[in-house]
Amino acid sequence: MLIDANEVASGSVIQTQICIVGGGIAGIAMGLEFEKAGIDTVVLESGGTHRDEATSDLYRGPSVGIPYDFADGTRSRFLGGSSNCWGGFCRPWDQIAFDHRPWVKDSGWPIGRKDLDPFYERSHAILQVPSNEYRPDHWVGQAGEPTHGPATGQSRNASSYPFDPANIEEIISQFSPPLKMGEAYRDEIKAAKFLKLYLKANVAEIQCNPFGSTVESVKVRTLKGGNFTVQARVFVLASGGIENARLMLASNRQQSTGIGNRHDLVGRYFQDHPRFLNGVVEFNDKFRLNPLFDIKFHCIVDKVKISGADISGQMRVGFERQKEHGILDAQMWFRSLYAGEGTDIVRALYRMRQRVRGKWSPFVGLGTDLGHIFSHPLDSVGYTVAHTTGSRKLVRHVAMELICEPDPDPNSRVTLSDDIDALGMRRAKVDWRLGQQVKDTVDTSFSLLAKELEDKNIAKVKLGPRINDTGWPADMEGTYHHMGTTRMHDSPRHGVVDRNCKVHDMENLYIAGSSVFTTSSSNNPTMTLVALALRLSDRLTAEIKSGSTVTTDGAQTPAQPEQQAAA
């Protein structure tokens, strides 16, 4: 059921079994699971079904570290959350992403790939990803060989490179459509019997018992001045890597430092995947038309489609080489660049395309972008034709591109600013930091890929300047994967949530989404956050159905009388 929070009488108290704060990817996935289980659930979504300026403004706040746009230009504060503006990349993480790596400080999850395998399987259906097969040799052969399934157009040229996998490993990702969860599941939500999803419902405070050990309710406010309270047996925060931390820090009535923050960890270890370009790649004829590893031909212009699945290839330094060089994980691909890329004209055209997706920039207005476009009409038309047709004849040159796993840094963090939003809440302040290990990873990964391309006679590479020599690029950006601010660890001294996503020292508060990531791999986060959300859904369903509390080791204890009464 979809309900407009503005139609709820002010001062009302709504009671339910489970309350989820956030109607994005994790919140919708969990809500639909509880609907199937017949559990009364309330989901509170700040926005409506489409973007509006007043709600988007609630995301804004100062950036005080590496220059970082984290507001509505990179997030979508309406039903479906970040699924309204993502690219659709999906891939389960490898075990190494969860392992403790001695050369990576603060690495190591309390769970592993095997704990998520059954939930990765289920996440494919939710995200509409057609296959659970990710081996490159399942999809393609070597250059000159046909693909292993039906393919047309440029996809027929998709192939592997003759890399030594100990040096450079090939990996495959698949694409969700990309699925907009708020659109794809809206009818299902409307028809739900046990699930009530409130739109335009902003949670302004988490309210606890006097000891701060149990959440009793959340306070909801609307931008039109309404307010009501939701009481539940279990509460789940699913508002994203920045807002989860912001809400916990702002809910400081019982504890001055905020909820779940006894060890000053809430908001720390903020992570995003930084993106870099480097070099000029001149392929030998045998490999020149391969679209599998060129993001231009499977993400921006067109898809590589084989056997009905949209796939893309990435390259990374083998894990033994990562250990040898003491570097983080990074994914690399090629990017064909058309004439004009990197200019104001092309940046304006890109922002126009993003506006159509509901992704607006708070820094550059529509009028400015239209001015760039119409002041150079021939260049604008030429680039648009090249971008739309995907013509290789219009490619200026090919570069290498990389996104890097961030180093876990407690000083990279989300805090509260002194600025107040329209709801009277302190805005989020982001201090994004990246360390020396990221610089070393970028330089080493580009160098090793270039060497392997030349050693295997695939291409000649002219490398550009090293990050260690030039410093962070002025136009460096992240991929807007907000992660890590409520990290998972078995010890409350090192993490905000335990292995079951329950906030340490709290009886009934859980966190879903990428904010619980201990480390962030170099893979895209969506499939992993869905798998974690499904794992948490199953656990809470078992708890509610049995009338007991599920402990960290999986044992069950009878619910306390007040818990039973709340249910």
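The values are calculated or read from the model by the stated rules, or taken from the named source; none is laboratory data. As the structure is a computational prediction, the values presented were derived from the model and not from experiment. Here Cβ is always computed from backbone atoms with ideal geometry, including for glycine, and neighbour counts include all displayed protein chains.
Being surrounded by 20 or more Cβ atoms within 10 Å (Cβ to Cβ), among the hydroxyl-bearing types (Ser, Thr, Tyr) and farther than 15 Å from ALA192 by Cα is the filter here; which residues of region 20-54 pass it?
Within region 20-54, just SER46 meets the criteria.
For region 205-223, check the following and say yes or no: at least one residue is part of a loop (DSSP other than H, G, I, E, B) and crowded, with 21+ Cβ neighbours inside 10 Å.
So in region 205-223, the residues part of a loop (DSSP other than H, G, I, E, B) come out as 209-214, 222-223.
Then drop every residue that is not crowded, with 21+ Cβ neighbours inside 10 Å, which leaves 222.
Within region 205-223, one or more residues are part of a loop (DSSP other than H, G, I, E, B) and crowded, with 21+ Cβ neighbours inside 10 Å.
Here is a list of conditions, (1) modelled with pLDDT under 95; (2) assigned to a strand (DSSP E or B); (3) polar (S, T, N, Q), and SER417 meets all of them except one; can you say which number that is?
Here SER417 clears every test but (1).
Tell me which residues, restricted to region 445-466, are in contact with a strand residue (DSSP E or B) (Cβ under 7 Å, 6 or more places away or on another chain) and more than 14 Å from VAL280 (Cα to Cα).
Passing the criteria: SER445, LEU448, GLU452.
Filter region 69-100 down to the residues that are among the β-branched types (Val, Ile, Thr) and either buried (at least 23 other Cβ atoms within 10 Å of the Cβ) or within 15 Å of the chain's Cα centre (by Cα) (or both) and list them by number.
First, the residues of region 69-100 that are among the β-branched types (Val, Ile, Thr): 74, 96.
Within region 69-100, THR74 is the sole residue that qualifies.
Exactly one condition in (1) surrounded by fewer than 17 Cβ atoms within 10 Å (Cβ to Cβ); (2) modelled with pLDDT of 95 or more is false for GLY279; which is it?
(1)
Would you be able to tell me the number of residues in region 395-427 that are closer than 19 Å to SER46 by Cα and without any contact (Cβ under 8 Å) to a residue 60 or more places away in the chain?
1
List every residue pair whose Cβ atoms lie under 8 Å apart, where the two residues are 6 or more positions apart in sequence or sit on different chains, the first residue falls within region 146-165 and is not assigned by TED's automatic domain parsing to the domain that holds MET315, and the second residue, located anywhere, is among the polar types (S, T, N, Q) and surrounded by fewer than 13 Cβ atoms within 10 Å (Cβ to Cβ).
Short answer, once both residue conditions are applied: none.
Out of all the residues in region 114-132, which are surrounded by 14 or more Cβ atoms within 10 Å (Cβ to Cβ) and among the acidic types (Asp, Glu)?
Of everything in region 114-132, just one residue is surrounded by 14 or more Cβ atoms within 10 Å (Cβ to Cβ) and among the acidic types (Asp, Glu), namely ASP115.
Taking region 22-67 only, how many residues are in a loop (DSSP other than H, G, I, E, B), among the aliphatic types (A, V, I, L, M) and touching a strand residue (DSSP E or B) at 6+ places or on another chain (Cβ under 7 Å)? Reasoning before the result, please.
Taking region 22-67 and keeping what is in a loop (DSSP other than H, G, I, E, B), we get 22-24, 37-40, 45-52, 60-62, 64-67.
Okay, now just the ones that are also among the aliphatic types (A, V, I, L, M), so 37, 39, 64, 66.
Subsequent filtering for residues that are touching a strand residue (DSSP E or B) at 6+ places or on another chain (Cβ under 7 Å) retains 39, 64.
Number of matching residues: 2.
Take region 277-300 and flag every residue that is more than 19 Å from GLU169 (Cβ to Cβ) and within 22 Å of the chain's Cα centre (by Cα).
LEU277, LYS296, CYS299, ILE300 - these are the residues of region 277-300 that are more than 19 Å from GLU169 (Cβ to Cβ) and within 22 Å of the chain's Cα centre (by Cα).
Step by step: first the residues of region 101-113, then only those that are within 20 Å of the chain's Cα centre (by Cα) and in a loop (DSSP other than H, G, I, E, B), then the one that is surrounded by the most Cβ atoms within 10 Å (Cβ to Cβ). Which residue is that?
Within region 101-113, the subset within 20 Å of the chain's Cα centre (by Cα) is 107-109, 111-113.
Then drop every residue that is not in a loop (DSSP other than H, G, I, E, B), which leaves 107-109, 111-112.
Working: SER107: 19, GLY108: 16, TRP109: 23, ILE111: 16, GLY112: 14.
Per the criteria, the residue is TRP109.
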